[in-house]
Amino acid sequence: MKVLVGTRCLIQPKTGIGHYTQELLQALGQLADSPEISSFPASPLLRLTQLGLCASKSLNHWAKIFAKTKGNGDRLGSGGQPAWLEKIYNHLLARELASGKYDLYHEPNYFAHPTDLPTIVTVCDLSALLHPDWHPAVRVRRHEELFKWLLPSGAHFLTISEFVKNEMVQVLGVSPQRIHVTCCGVRDHFRPMPTEAIDAGLKRLGLPRGYFLHVGTIEPRKNLILLLKAWANLEPQWKSKHPLVLVGGIGWADSKTLDLIHQLKSQGLIHLGYLAEKDLPVVYSGARAFVYPSHYEGFGMPPVEMLACGGAVLTAPAGAVEEVTSPSAHIIRSNDVADWRDAMTLVASDSDWHNHLTSRALETASRYTWKRCAELTLVGYQHTLGLANPMANRSHAA
């Protein structure tokens with residue numbers, strides 16, 4: 001089986017989809033019955049040549065391709081690039097898909113290119129369709145245009161939770177037989193750390209022990225104003241002992257949240273911004289609890305990473321988060337500031353309850369491995385091509 005996988009999402013800085021794609025490709029390559037995987041674009045150097053940015057390419061040739069985009073240099077295509085660059089990319093991808101070298105096309109970042117090849121697309125969530133007010137208008141429009149042709153195309157889908165699969169079936173009317181659940185894995189470096197390593201890492205980052213932690217982009221969907229108000233309303237003894245640490249870059253259209261963050265810095269709030277991957281296990285391990293009031297997630301990797309480090313999690317149901325963190329996380333179903341404040345007070349003050357929350361954290365996180373994700377992805381590939389289920393064959397042989 002020869003599979004072409006879209007890897008534009010691996011261009012730095014990687015998002016969650018980029019990490020998913022990188023880990024999945026590595027795990028697929030380690031399977032005993034691994035398919036033959038090719039990536040597009042295949043390497044940083046090839047990205048440059050394929051996008052027509054090398055001097056060896058004829059400008060006249062590319063001018064014919066994107067002449068109609070003249071004057072639209074500021075418009076963004078589906079990958080976030082200028083429209084003319086998007087057109088070059090799509091031209092080259094279409095040529096690769098039509099080369100006859102592949103049996104299957106897998107697009108891990110939603111925006112599949114139309115092709116006659118059997119196609120499977122990873123759908124991480126449907127928030128752009130179901131909750132458009134949480135996204136920029138251009139992103140919503142791109143998703144609407146995508147699903148308009150993708151749903152009737154016969155493509156198969158990979159979802160990263162049962163929750164997203166159920167939404168696709170119930171809301172979009174997709175047949176369950178076209179959807180394959182392949183939960184994400186937890187990267188190996190998210191695990192309990194020795195006390196000495198935690199202390200050294202926190203000292204390097206300038207952090208105390210025992211803070212409340214949130215990891216995620218600052219954007220409306222994350223519901224951070226609720227968390228900020230809950231922490232601000234803690235009794236002084238708990239707020240001073242357990243500052244709130246925010247990790248993550250600034251998203252879009254959330255000026256009210258940013259204003260409140262700025263105000264609360266004088267009370268001990270710490271906003272670290274985007275952190276290097278190597279620092280995240282330390283930050284998780286130094287926290288008293290991870291707090292996650294998000295409105296909606298297709299999986300919820302940060303709370304699962306916290307569990308993998310052995311930590312306590314307080315979270316909203318947030319779509320798939322309850323599914324993937326149960327039974328370890330404490331689920332707060334209310335959107336009331338007082339309820340979140342009370343839960344944060346309890347986890348700060350009651351060591352027995354804190355220990356209860358952490359007691360099954362590692363067991364819950366152990367459900368999620370990239371090997372298992374790769375095995376289930378391979379099943380999805382086989383089903384899309386109408387082939388026998390390799391997992392069933394393996395079980396029968398055993």
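See the values below:
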read-out	value
Looking only at the range 103-113, and only at residues there that are assigned to a loop (DSSP other than H, G, I, E, B) and either under 18 Å from the mean Cα position of the chain (by Cα) or modelled with pLDDT of 95 or more (or both), the one that is surrounded by the most Cβ atoms within 10 Å (Cβ to Cβ)	PRO108
Strands (runs of 3 or more DSSP E) contained entirely in the range 248-318, each with at least 3 residues that are not aliphatic (A, V, I, L, M)	287-292
Test: residue in the range 229-236 that is surrounded by fewer than 17 Cβ atoms within 10 Å (Cβ to Cβ), out of contact with any strand residue (DSSP E or B) (no Cβ under 9 Å at 6 or more places or on another chain) and outside any helix (DSSP H, G or I)	yes
Pairs with Cβ under 6 Å, 6+ apart, first in the range 209-232 and without any contact (Cβ under 8 Å) to a residue 40 or more places away in the chain and assigned by TED's automatic domain parsing to the domain that holds GLU297, second crowded, with 21+ Cβ neighbours inside 10 Å and of a type outside the set (A, V, I, L, M, F, W, C)	ILE225/THR257
The range 25-40, residues that are part of a strand (DSSP E or B) and either closer than 15 Å to LEU376 by Cβ or not hydroxyl-bearing (Ser, Thr, Tyr) (or both)	GLU36, ILE37, PHE40
Search result, residues across the range 346-357 that are assigned to a helix (DSSP H, G or I) and either surrounded by fewer than 18 Cβ atoms within 10 Å (Cβ to Cβ) or among the small types (Gly, Ala, Ser) (or both)	LEU346, ALA348, SER349, SER351, ASP352, TRP353, HIS354, ASN355, HIS356
Candidate set from the range 319-335 (those that are part of a loop (DSSP other than H, G, I, E, B) and touching a residue at least 60 places away in the same chain (Cβ under 8 Å)); member that is nearest to the chain's Cα centre (by Cα)	ALA320
In the range 199-220, the residues that are outside any helix (DSSP H, G or I) and of a type outside the set (A, V, I, L, M, F, W, C)	GLY206, PRO208, ARG209, GLY210, TYR211, HIS214, GLY216, THR217, GLU219
Meets criteria (hydrophobic (A, V, I, L, M, F, W, C), crowded, with 17+ Cβ neighbours inside 10 Å and not in a loop (DSSP other than H, G, I, E, B)) for ALA338	no
Selection from the range 174-191 of residues that are surrounded by 14 or more Cβ atoms within 10 Å (Cβ to Cβ) and more than 21 Å from the chain's Cα centre (by Cα)	VAL174, ARG178
Residue in the range 284-303 that is in contact with a Pro (Cβ under 8 Å, 6 or more places away or on another chain) and either of a type in the set (D, E, K, R) or assigned by TED's automatic domain parsing to the domain that holds MET168 (or both) present	no
Among (1) of a type outside the set (Lys, Arg); (2) touching a Ser or Thr at 6+ places or on another chain (Cβ under 9 Å); (3) farther than 30 Å from SER127 by Cα; (4) without any contact (Cβ under 8 Å) to a residue 60 or more places away in the chain, the one test that ILE198 misses	(4)
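The rows are residues; the columns are (1) modelled with pLDDT under 95; (2) exposed (fewer than 14 other Cβ atoms within 10 Å of the Cβ).
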| site | (1), (2) |
| --- | --- |
| PRO132 | yes, no |
| ALA137 | yes, yes |
| HIS143 | yes, no |
| THR159 | no, no |
| LEU172 | yes, no |
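Results for (1) among the aliphatic types (A, V, I, L, M); (2) out of contact with any Leu (no Cβ under 7 Å at 6 or more places or on another chain), shown as yes or no for each residue.
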{"position": "PRO293", "(1), (2)": "no, no"}
{"position": "CYS309", "(1), (2)": "no, yes"}
{"position": "ALA312", "(1), (2)": "yes, no"}
{"position": "VAL321", "(1), (2)": "yes, yes"}
{"position": "HIS330", "(1), (2)": "no, no"}
{"position": "ALA343", "(1), (2)": "yes, no"}
{"position": "LEU357", "(1), (2)": "yes, yes"}
{"position": "ARG367", "(1), (2)": "no, yes"}
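Conditions tested, residue by residue: (1) closer than 23 Å to TYR20 by Cα; (2) among the aromatic types (Phe, Trp, Tyr).
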{"residue": "LYS101", "(1), (2)": "no, no"}
{"residue": "ALA137", "(1), (2)": "no, no"}
{"residue": "GLU145", "(1), (2)": "no, no"}
{"residue": "LEU150", "(1), (2)": "yes, no"}
{"residue": "PHE163", "(1), (2)": "yes, yes"}
{"residue": "LEU172", "(1), (2)": "no, no"}
{"residue": "ARG187", "(1), (2)": "yes, no"}
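The values are calculated or read from the model by the stated rules, or taken from the named source; none is laboratory data. Computed from a predicted structure; not experimentally measured. Counting neighbours? That spans all protein chains shown, and the Cβs are built from the backbone with ideal geometry, glycine included.
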